Each structure stands twice: as C-alpha cells, then as structure tokens.
Amino acid sequence: MTWKQNGIRHDTKNNRVRLSKGANHKEHPRAREYILVEYETRPGVTVENLQQVRAVYDQQNERWELHLVCNDEIETPDAPGNETAGIDLGISNFAAVAYSTEDADLYPGNRLKQDGYYFPKEIAKCDDSGGEQATRLHAKWSERCTHFFHALAKHIVERCVEKGVGRINVGDLAGVREDENGESKNWGKHGNLDLHEWAFDRFTNILEYKAKVEGIEVVEVSERDTSKTCCICGTEDESQRVERGLYACKSCDAAFNADVNGAENIRLDINDESNSESSPSLGGDRSTGWLAQPAVHLYDLSCGFQPQTEVVDCKP
Ligand SMILES: [Zn+2]
C-alpha cells in the first residue's frame with residue numbers, strides 16, 4: 001500500500017507523519033480519518049522532502065513496516081578522472097571489468113550461482129508453490145541477490161575511483177537477450193532468461209546510482225560482436241571463441257580470458273565508429289598478459305570480495 005504526497009502530512013518538528021485513509025476505507029468519504037505515525041531516526045538522519053510512504057510486509061520478521069521515501073538531491077562530485085572502464089555481464093562470470101590501466105577484474109558470482117541452485121530446489125520442495133513458505137524463500141533469495149549486487153557495485157566503483165575512471169561502459173541488454181543473429185540465446189538447461197534479465201537490470205541500476213555518487217557516468221554501449229572480436233587486433237571470427245573460457249586469436253596468436261576480451265571491447269566501444277580508440281591498434285603493440293590473467297574476486301559472506309590469483313595457461 002502506498003501513500004502519495006496528497007495523502008501525507010509531514011510534521012517535521014514533532015517527527016510525525018499523518019497518513020490519510022483512502023476514501024474507500026472511511027466511514028464517510030469526506031470523514032477526516034487518518035493514521036498518525038511517530039518515528040525516530042538514527043542520529044544524523046533527517047526525514048525531509050517526503051515523497052511517498054509505503055506499507056510493506058516483512059516476511060522474515062512477520063510484521064508490517066512503513067517505508068518513508070524521501071527525495072535527496074545529491075551533489076555530484078567531479079569524476080575521479082577521464083579513464084573509461086568496460087564491464088561485460090555474463091552467465092559463467094557475472095561480471096568482467098577491463099581498465100585502461102591494462103588490468104582486469106573477474107567476478108565469477110559464486111554466491112549467485114550457489115543460491116541459483118539452492119533456492120529453486122528448496123522452493124520445489126514446498127507443498128504449495130504459491131504458499132507462504134515458497135513466498136518467504138523467494139523473498140530471501142531476491143534479498144540475497146540484491147545484497148550481492150550492492151557489494152559488487154560498491155567494489156567495482158571503488159576500483160574505478162582508484163583508477164581515475166570517469167565513465168563505465170556496460171554492454172546493453174540487447175546483447176544478453178539475443179545472439180549476433182538476433183535469435184534468443186540458449187541458456188542451457190539451468191539457464192533462466194528472465195532471471196538473468198532481472199539480475200542484469202537490477203545490478204546495472206545499483207551500479208549507476210553508486211557510480212553517480214562518485215561522479216562516474218555509466219553508459220550502455222552496444223555489445224554486438226564484442227565476444228567474437230579480438231580486442232588486440234580487431235579480427236572478428238565466430239570460431240575464435242574457444243572452450244574453457246579462453247578466447248584464442250589466430251591472427252595475433254594470443255589467448256585471453258573470453259569475458260575479459262568482451263569487457264575490453266566494451267571499454268573500447270568497438271561499435272562506435274566516431275570513437276578513435278575503438279579501432280584496436282594494429283600490430284599488437286599492447287601488452288596482453290593482463291587479458292589472460294585477470295584478478296579473480298570471489299565473494300564471501302563475512303569478508304566480502306576476496307582476490308584470488310588465477311593462473312591461466314595462455315598458449316593455445
Ligand atoms: Zn588478435
């Protein structure tokens with residue numbers, strides 16, 4: 001249930017909110033009936049510019065909560081720098097990030113995958129799929145995903161600040177929904193397209209917000225051909241994407257992590273012809289080791305993201 005501004009009277013002096021009952025809940029449509037709510041805030045928190053009040057049922061604690069939605073204008077600081085980072089969102093690795101400083105981060109999303117196996121199984125065990133227990137499991141699952149997305153977005157934004165990034169390119173969702181021929185991707189037997197769409201949308205929104213607070217812009221760029229083009233020499237070949245997450249290029253005889261290759265192409269925005277950086281340098285004068293050995297960050301509930309060093313044999 002939601003109250004909009006015309007149903008809310010906010011008494012800021014006494015920390016009170018008066019919520020009018022909708023006409024259909026009143027004895028008489030014009031009766032002055034309302035719910036008076038008193039609230040307390042943590043030190044340093046002020047409730048102002050109240051836009052909405054929502055009544056939300058908390059499944060876990062089995063109680064109703066009122067959420068006060070305030071409009072808080074944040075002052076956007078100057079960007080930490082002029083560099084661009086690229087993010088490739090995917091299934092086998094939730095996110096791969098390429099930086100212009102020639103390094104890359106890989107987030108396998110271990111926690112999301114574990115939950116992705118656990119929760120559907122537990123939900124299937126419930127006697128009644130629309131019942132209370134199943135609803136509670138769904139709510140818990142989505143809460144855990146959201147928690148993971150916040151932690152991941154925070155980690156990526158912190159890395160971007162360190163590296164003087166002012167712009168993050170993210171592959172557009174059209175690339176997730178369709179393959180290069182415009183056909184729906186086959187997600188395999190555990191895949192669930194809706195779930196991934198939801199996850200990428202949700203994550204991108206959280207990232208956008210957290211980046212904005214640091215003055216970093218998030219831009220959706222075309223993902224077309226980013227997985228089959230070599231980010232070093234620009235050679236495009238469907239057959240180059242090889243097994244085990246490695247991308248091997250026949251032209252420049254190098255092998256990289258396939259998702260990092262995608263992220264680097266997104267960083268370069270290879271589909272933007274007006275972008276001078278978008279044509280990869282010929283002759284391969286850039287170092288390529290970082291493309292094969294990204295820093296791998298696994299998520300741990302108590303310690304957050306922990307770096308691991310992944311050693312990849314980069315000779316095909
Ligand atoms: Zn190449």
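The values are calculated or read from the model by the stated rules, or taken from the named source; none is laboratory data. Nothing here was measured: the structure is a model prediction, and the numbers come from that model. Counting neighbours? That spans all protein chains shown, and the Cβs are built from the backbone with ideal geometry, glycine included. Keep in mind that these areas ignore ligands, DNA and RNA; they rest on the heavy atoms of the full protein, side chains included. Shrake-Rupley method; radii C 1.70, N 1.55, O 1.52, S 1.80 Å.
Side notes on the structure shown:
- Looking across A98, A55, one residue alone is under 29 Å from R167 (Cβ atoms) and either touching a Gly at 6+ places or on another chain (Cβ under 8 Å) or open to solvent by less than 70 Å² (accessible area, probe 1.4 Å) (or both). It is A98.
- Some residue of region 162-171 being part of a loop (DSSP other than H, G, I, E, B), more than 16 Å from the chain's Cα centre (by Cα) and not basic (K, R): yes
- If the condition is being within 16 Å of the ligand (Cβ to nearest atom), open to solvent by 10 Å² or more (accessible area, probe 1.4 Å) and either within 13 Å of G234 (Cβ to Cβ) or not assigned by TED's automatic domain parsing to the domain that holds Y107 (or both), then region 255-273 contributes only I270.
- Long-range neighbours under 9 Å by Cβ, at least six apart or interchain, first residue free of Cβ contacts under 8 Å to residues at least 12 places away in the same chain within region 218-237, second within 16 Å of the ligand (Cβ to nearest atom): E236/D225; E236/K228; E236/T229; E236/C230
- Test result for V17, assigned to a strand (DSSP E or B), at pLDDT below 90 and either not assigned by TED's automatic domain parsing to the domain that holds E214 or not charged (D, E, K, R) (or both): no
- All of (1) within 16 Å of the ligand (Cβ to nearest atom); (2) within 22 Å of E83 (Cα to Cα); (3) β-branched (V, I, T) hold for I216 with one exception: (1).
- Tally, over region 20-51, of residues that are part of a strand (DSSP E or B) and open to solvent by 40 Å² or more (accessible area, probe 1.4 Å): 6
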